[in-house]
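Structure, as structure tokens:
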Amino acid sequence: MASTNKSAVLLGATVAFGIALCYLYWRVETLVTDVTALRESVVAEIGKIRDAAPKPAPPDKRVAAELQRVEALRRELEQKIESAGSEATTAATKARQEAVRYAERMIRQLNDEQMNQRKEVVSEIGQVKTTTHARIDDVSADVESIRSEVASTRMELERTVADLKRVRGDLGVQSGLIATNARELEALKMLGERNYFDFHLVRGKQPQRVGDISVVLRKTDPKANKYSIEVLVADQKVEKKEKGVNEPVQFYVRRGQLPYEIVVNDIQKEHVAGYLATPKELERGPATSALR
């Protein structure tokens with residue numbers, strides 16, 4: 001952009017200088033014409049004076065000397081006029097030649113700048129091509145790496161899911177796949193058959209929110225791997241006593257829907273950790289009073 005602006009300025013300066021020289025040449029030509037007209041006018045006037053002057057019968061020496069002086073002045077004036085015209089013509093010629101040389105120099109300079117600019121553009125295009133190819137290679141490498149990671153993740157998911165088991169819940173309903181640790185739970189989430197909510201319940205009297213239900217941890221027995229909870233939904237509650245680790249604890253929240261399941265994977269003295277699994281229909285609306 002800077003090179004383009006510079007070229008425009010130089011071109012404008014050249015045009016302005018050419019116009020100024022043309023104007024100067026026109027003025028010099030006008031001066032030559034005016035001087036020539038003046039010379040002719042003076043010569044004519046002198047001729048008229050000479051013709052109109054009375055012819056002395058025998059010119060005396062004083063009159064003859066005066067006529068010689070006038071004649072000398074006339075010749076001197078003619079020489080000066082001739083010299084002025086010659087100098088003006090020479091000046092105009094030099095000005096015209098200088099204008100031509102300046103214009104040619106500006107044209108060469110502009111051509112050189114345009115050539116350099118073209119070289120710079122070609123160089124920039126080459127750099128862009130090189131950078132683009134490098135980025136394409138990087139993106140291709142990233143895509144291959146992502147494909148490899150996805151394939152590895154898919155294989156790991158398939159192995160993990162294959163290791164999972166289906167267990168019958170405490171309501172006698174065949175449960176879905178059961179996760180016994182965090183890795184298996186992540187596999188179930190990726191599988192996407194149900195909604196899953198991790199929880200960490202602390203033993204006490206206050207209900208704790210898990211998904212769209214509330215749960216109170218009433219009792220824990222780490223030695224026997226047993227716990228007791230109370231589930232609260234829509235102002236109703238159901239107790240689940242002496243449940244074991246990794247056992248699907250089932251309860252219905254909506255009529256005509258699959259049961260919810262609570263699975264506890266870890267039982268400690270004051271808290272338990274696990275997850276709540278709900279049917280996909282959970283996204284359609286809030287829980288109703290069908291808890292049992």
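The values are calculated or read from the model by the stated rules, or taken from the named source; none is laboratory data. Please read these numbers as outputs of a predicted model, since none were measured by experiment. Cβ placement follows ideal geometry from the backbone for every residue including glycine, while neighbour counts extend to all protein chains displayed.
Right, residue 205: assigned by TED's automatic domain parsing to the domain that holds residue 246, outside any strand (DSSP E or B), more than 18 Å from residue 243 (Cα to Cα) and of a type in the set (D, E, K, R) or not?
Here the answer is yes, as residue 205 does meet what is asked.
For segment 173-199, enumerate the residues that are free of Cβ contacts under 8 Å to residues at least 12 places away in the same chain and closer than 18 Å to residue 249 by Cβ. 174 - this is the single residue of segment 173-199 that is free of Cβ contacts under 8 Å to residues at least 12 places away in the same chain and closer than 18 Å to residue 249 by Cβ. Any residue at all in segment 255-264 that is basic (Lys, Arg), outside any strand (DSSP E or B) and modelled with pLDDT under 95? Within segment 255-264, one or more residues are basic (Lys, Arg), outside any strand (DSSP E or B) and modelled with pLDDT under 95. Go through the residues of segment 181-189 one by one and say whether even a single one is farther than 24 Å from residue 271 by Cα, in the same structural domain as residue 269 (by TED's automatic domain parsing), modelled with pLDDT under 95 and of a type in the set (A, V, I, L, M, F, W, C). Checking segment 181-189: not a single residue is farther than 24 Å from residue 271 by Cα, in the same structural domain as residue 269 (by TED's automatic domain parsing), modelled with pLDDT under 95 and of a type in the set (A, V, I, L, M, F, W, C). Within segment 233-245, the set of residues being surrounded by fewer than 18 Cβ atoms within 10 Å (Cβ to Cβ) and either part of a strand (DSSP E or B) or not acidic (Asp, Glu) (or both) comprises 234, 236, 237, 238, 239, 241, 242, 244, 245.
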